[in-house]
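Here is the structure we will look at.
The values are calculated or read from the model by the stated rules, or taken from the named source; none is laboratory data. This one's a predicted model, so the numbers in the text were calculated from it and none came from an experiment. Neighbour counts run over all protein chains shown; Cβ positions are idealised from the backbone, glycine included. The protein model used for the area step is the full one, side chains on, heavy atoms only, and it has no ligands, DNA or RNA in it. Shrake-Rupley method; radii C 1.70, N 1.55, O 1.52, S 1.80 Å.
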Amino acid sequence: MQLIADISTSLSLLAFSPPGWGGALLKGLLSSLQIALGGYGLGLLIGIAGACGKLYGNAVCRDLLGCYTTAVRAVPELVLILLLYYAGSDLVNQVLHWLSYPPIDINGLVAGIFVIGIVQGAYSTEVIRGAMSAIPVGHIEAAFACGMRPWQVLKRIILPEMLVHALPGLSNLWLIATKDTALLAVVGFTELTLITKQAAGGTKHHMLFYCAAGLLYLSVTLISNWGIKKLDNHLRHTKAST
Amino acid sequence: MLKKPAPIARFAPHRIILALISAAVVGYMIYFLRWDWLADYSDKIWIGLWRTVWLLALSVLFGFLLALPLGLAQANGPKPLAIMANSFCTVIRGTPLLLQLWLIYYGLGSIFPTIPSIRQSELWPYLRQAWPYALFTLSISFAAYEAEIMRGAFAGVPKGELEAARAIGMSRWQCFRRILLPRAFYRALPTLGGEVVLQMKATPLVATITMIDIYAVFSKVRQDTFITYEPLLFLALIYIVLAALLTLVFKHIENRNPVH
């Protein structure tokens with residue numbers, strides 16, 4: 001009897017409306033996903049630009065990109081997040097000061113996306129560079145011979161062909177992005193992990209809330225894995241049929 | 001534009017210019033930023049660095065030892081064992097390390113004191129500190145990521161070599177120790193180096209459960225002195241040096257690789 005009563009009080013703590021924390025947890029999950037999506041997207045853009053720079057840029061560009069990817073991959077995300085968080089908001093306010101605008105408070109969401117994006121960019125540069133160099137040179141030469149512009153070659157030939165090779169690495173990066181958002185809890189951004197900590201500390205039901213949050217993260221991973229598998233099958237199929 | 005880019009000479013002119021520019025930036029930082037706190041905190045920094053290093057070394061060691069059975073079970077084990085090992089890895093790899101750390105430290109830490117037999121045991125003085133929880137969580141996490149690599153490495157050992165070993169009359173254990181393990185280890189070595197660097201990058205998380213590692217020391221410096229950038233930059237430099245050393249060590253081991 002005691003056990004059933006315990007379980008029902010525990011579950012009532014996870015109810016969606018206050019005093020239950022379920023709604024707050026889901027809201028946290030939503031902001032985690034927002035940052036993960038934004039950061040991942042920004043990282044992809046940086047990655048594509050970086051990979052093009054590393055493969056087709058001049059020597060200075062390649063060396064600078066090498067410094068960027070090496071440094072970001074050697075410094076812990078936690079330190080980078082603190083550095084970029086302070087440096088980024090300082091920089092923005094400095095620029096605003098020069099333009100004689102009043103200083104602003106950087107939105108936590110924007111800062112989070114920026115930080116995760118910079119970190120992800122370094123890794124996806126390497127992934128995309130590897131995938132791009134697997135494209136047969138003849139395909140690109142043929143596209144140029146047809147009279148396409150560099151931008152069109154990138155959009156029509158390089159990116160679609162690169163995707164098959166890059167998918168394993170890029171999907172791994174997506175999973176890392178969803179988990180890296182938890183680090184923003186340390187700088188006080190209210191995403192899933194921080195809300196979980198507040199809920200656990202407030203109610204003293206540590207195990208319950210951490211396990212619930214773990215299940216939420218795990219379901220994101222499992223759903224992503226399922227989606228990635230579908231996408232992979234689709235890409236392989238289209239590649240085989242051409 | 002299409003040709004594979006030519007490798008850059010080690011002392012190409014632009015590199016010398018870039019080196020000069022970065023030397024100027026570093027010189028500017030040394031001269032104009034505040035570094036007076038370094039002397040006051042040097043003892044604590046060394047202690048923190050030592051804690052980070054042993055935490056990394058022990059968690060990699062324990063994690064690797066745990067990854068061997070996990071990887072082997074997934075590659076060659078019976079179905080139920082393989083499924084159990086696989087789901088363990090999926091759960092650990094599918095949740096953030098920070099959450100696991102807090103689950104273990106706050107969750108288990110709140111349950112242990114309510115169990116009298118644990119409170120009276122010899123281990124209790126240790127269980128009241130943060131480091132056993134940190135070491136445990138980091139080891140488990142490393143094991144899960146490394147098991148995935150070891151699974152591939154075990155599965156990639158040619159069947160013929162194992163059959164040959166069995167045919168000569170080696171026992172199952174000898175087969176494992178003489179053929180399977182060394183072959184798989186050298187196969188996994190290039191990725192192992194990368195995993196260890198990733199593990200190093202995960203160690204500062206233990207500062208959030210009150211363990212005073214190198215990251216926590218610099219957080220303390222920032223709180224005490226109200227200096228924002230200098231401690232963070234110095235900390236980043238320490239981690240870069242650590243990562244470079246780890247990379248060098250693993251390159252060295254890899255070059256001694258007897259299997260080609």
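If the condition is being without any contact (Cβ under 8 Å) to a residue 60 or more places away in the chain, exposed (fewer than 14 other Cβ atoms within 10 Å of the Cβ) and not in a helix (DSSP H, G or I), then the range B:208-260 contributes B:PHE226, B:ARG256, B:HIS260.
Just to be sure before I move on: is B:ARG119 of a type in the set (D, E, K, R), more than 28 Å from B:VAL53 (Cα to Cα) and at pLDDT below 90 in the structure I sent?
Working: of a type in the set (D, E, K, R): yes; more than 28 Å from B:VAL53 (Cα to Cα): yes; at pLDDT below 90: yes.
Considered against the rule, which asks whether it is of a type in the set (D, E, K, R), more than 28 Å from B:VAL53 (Cα to Cα) and at pLDDT below 90, B:ARG119 comes out as yes.
Residue under question is B:LEU66, and the condition is that it be touching a Ser or Thr at 6+ places or on another chain (Cβ under 8 Å) and either assigned to a loop (DSSP other than H, G, I, E, B) or farther than 20 Å from B:LEU242 by Cα (or both); does it hold? Answer is yes for this residue. If you go through the range A:119-141 and keep only what is more than 13 Å from chain B (Cβ to nearest Cβ) and at pLDDT below 90, you end up with nothing.
Taking the range A:217-242 as the range and being β-branched (Val, Ile, Thr) and either touching a Gly at 6+ places or on another chain (Cβ under 8 Å) or open to solvent by less than 70 Å² (accessible area, probe 1.4 Å) (or both) as the test, the residues that pass are A:VAL220, A:THR221, A:ILE228, A:THR238.
Yes or no: A:ILE116 assigned to a helix (DSSP H, G or I) and either within 11 Å of chain B (Cβ to nearest Cβ) or modelled with pLDDT of 90 or more (or both)? In short, yes.
Which of the following residues is more than 14 Å from every other protein chain (Cβ to nearest Cβ), assigned to a helix (DSSP H, G or I) and surrounded by fewer than 20 Cβ atoms within 10 Å (Cβ to Cβ): A:ALA49, A:ALA87, A:ALA15? Let's see the steps before the verdict.
Working: A:ALA87 fails: more than 14 Å from every other protein chain (Cβ to nearest Cβ); A:ALA15 fails: assigned to a helix (DSSP H, G or I).
Within the list A:ALA49, A:ALA87, A:ALA15, the selection yields A:ALA49.
Condition (residue is under 30 Å from A:THR178 (Cα atoms), within 12 Å of another protein chain (Cβ to nearest Cβ), in a helix (DSSP H, G or I) and free of Cβ contacts under 8 Å to residues at least 60 places away in the same chain) applied to the range B:75-87: is it met by at least one residue? Looking for residues that are under 30 Å from A:THR178 (Cα atoms), within 12 Å of another protein chain (Cβ to nearest Cβ), in a helix (DSSP H, G or I) and free of Cβ contacts under 8 Å to residues at least 60 places away in the same chain, one finds at least one in the range B:75-87, hence yes.
Residues considered: B:ALA24, B:ALA12, B:ALA67, B:ALA57. Of these, the only one that is touching an Asp or Glu at 6+ places or on another chain (Cβ under 6 Å), surrounded by 10 or more Cβ atoms within 10 Å (Cβ to Cβ) and of a type in the set (Gly, Ala, Ser) is B:ALA67.
Counting only helices (runs of 4 or more DSSP H) wholly contained in the range A:144-216, the ones carrying 3 or more residues that are open to solvent by less than 60 Å² (accessible area, probe 1.4 Å) and of a type in the set (Gly, Ala, Ser) occupy A:159-180, A:192-203. Taken over the range B:136-174, the criterion of being hydroxyl-bearing (Ser, Thr, Tyr) and either assigned to a helix (DSSP H, G or I) or in contact with a Ser or Thr (Cβ under 8 Å, 6 or more places away or on another chain) (or both) is satisfied by B:THR137, B:SER139, B:SER141, B:TYR145.
Under the condition of being open to solvent by less than 50 Å² (accessible area, probe 1.4 Å) and part of a helix (DSSP H, G or I), the residues counted in the range A:124-141 number 10. Within the range A:172-183, being among the aliphatic types (A, V, I, L, M) and at the interface with chain B (Cβ under 8 Å from one of its Cβ atoms) holds for A:LEU175, A:ALA182, A:LEU183. The conditions of being open to solvent by less than 80 Å² (accessible area, probe 1.4 Å), within 14 Å of another protein chain (Cβ to nearest Cβ) and farther than 30 Å from A:LEU218 by Cα are not met by B:GLY109. If you check B:SER139, B:SER121 for being more than 12 Å from every other protein chain (Cβ to nearest Cβ) and touching a Gly at 6+ places or on another chain (Cβ under 7 Å), only one passes: B:SER139. Set side by side, the residues A:VAL72, A:VAL60, A:VAL79, A:VAL92 differ, and just one is surrounded by 14 or more Cβ atoms within 10 Å (Cβ to Cβ) and away from every other protein chain (no Cβ under 14 Å), which is A:VAL92. Has the range B:42-49 got any residue that is under 19 Å from B:TYR239 (Cβ atoms), touching a residue at least 12 places away in the same chain (Cβ under 8 Å) and not in a helix (DSSP H, G or I)? No, there is no match, as no residue in the range B:42-49 is under 19 Å from B:TYR239 (Cβ atoms), touching a residue at least 12 places away in the same chain (Cβ under 8 Å) and not in a helix (DSSP H, G or I).
Any chance the range A:184-191 includes a residue that's within 11 Å of chain B (Cβ to nearest Cβ), farther than 30 Å from A:SER133 by Cβ, without any contact (Cβ under 8 Å) to a residue 40 or more places away in the chain and of a type outside the set (S, T, N, Q)? Yes: the range A:184-191 contains one or more residues that are within 11 Å of chain B (Cβ to nearest Cβ), farther than 30 Å from A:SER133 by Cβ, without any contact (Cβ under 8 Å) to a residue 40 or more places away in the chain and of a type outside the set (S, T, N, Q).
Can you tell me how many residues within the range B:112-134 are open to solvent by 20 Å² or more (accessible area, probe 1.4 Å) and touching a residue at least 24 places away in the same chain (Cβ under 8 Å)? Give the steps one after another, and end with the answer.
Within the range B:112-134, the first condition is being open to solvent by 20 Å² or more (accessible area, probe 1.4 Å), and the residues that meet it are B:112-129, B:131-132.
Then drop every residue that is not touching a residue at least 24 places away in the same chain (Cβ under 8 Å), which leaves B:131.
Result for the range B:112-134: 1.
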